[in-house]
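What follows is a single structure, written as structure tokens, with notes after it.
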Amino acid sequence: MASIAGISAGTAVAVLTLDSSPFTAGLKSAKEHLQTFCDSNDTAKSRINALGSAVNAVGITMTKGLTVPILGAGAAAIKTTADFDSSMSRVRAISGAVGEDFNKLRNQAIDLGATTSFSAKDNWHTTRKLVA
């Protein structure tokens, strides 16, 4: 009760009511936005996973179609070089050529392999016959 200098003005009673519908609507809206966000992230996650699978498939295809043949070609080149060097060692042994003389024979076999339809290995056979 309120009083001023001992005088009573009476009693006031107030009833407060709380309208919580705007608050509830705000929570509902936030929940919907959060659900949309989660759903879109699931979709994004699915899309990212699908993209990852696609990139993986491309990688496998490239490995089979590109990397493996390149490795095969590299292995063939190494074998051809080793065979040629082995053959030229035989030419060296048969001819007795050393130093600059041997380098001339070797370069001639390489040049003939590059400029004729015969390979350098084919040419070493001819060179071997010439020096024997």
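The values are calculated or read from the model by the stated rules, or taken from the named source; none is laboratory data. The structure presented is a predicted model; accordingly, all values stated were derived computationally and were not measured. A quick note on method: Cβ atoms are made from the backbone with ideal geometry, for glycine too, and the neighbour counts reach across all protein chains shown.
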Filter the range 73-132 for residues that are at pLDDT below 80, β-branched (Val, Ile, Thr) and not in a helix (DSSP H, G or I) and give the result.
THR116
Unmet criterion (only one of (1) surrounded by 10 or more Cβ atoms within 10 Å (Cβ to Cβ); (2) at pLDDT below 75; (3) outside any helix (DSSP H, G or I)) for LYS64:
(3)
Quick one: in the range 85-109, which of the residues that are among the small types (Gly, Ala, Ser) and in contact with a Leu (Cβ under 9 Å, 6 or more places away or on another chain) is surrounded by the most Cβ atoms within 10 Å (Cβ to Cβ)?
ALA97
Would you confirm whether any residue within the range 8-20 is at pLDDT below 75, polar (S, T, N, Q) and assigned to a strand (DSSP E or B)?
yes
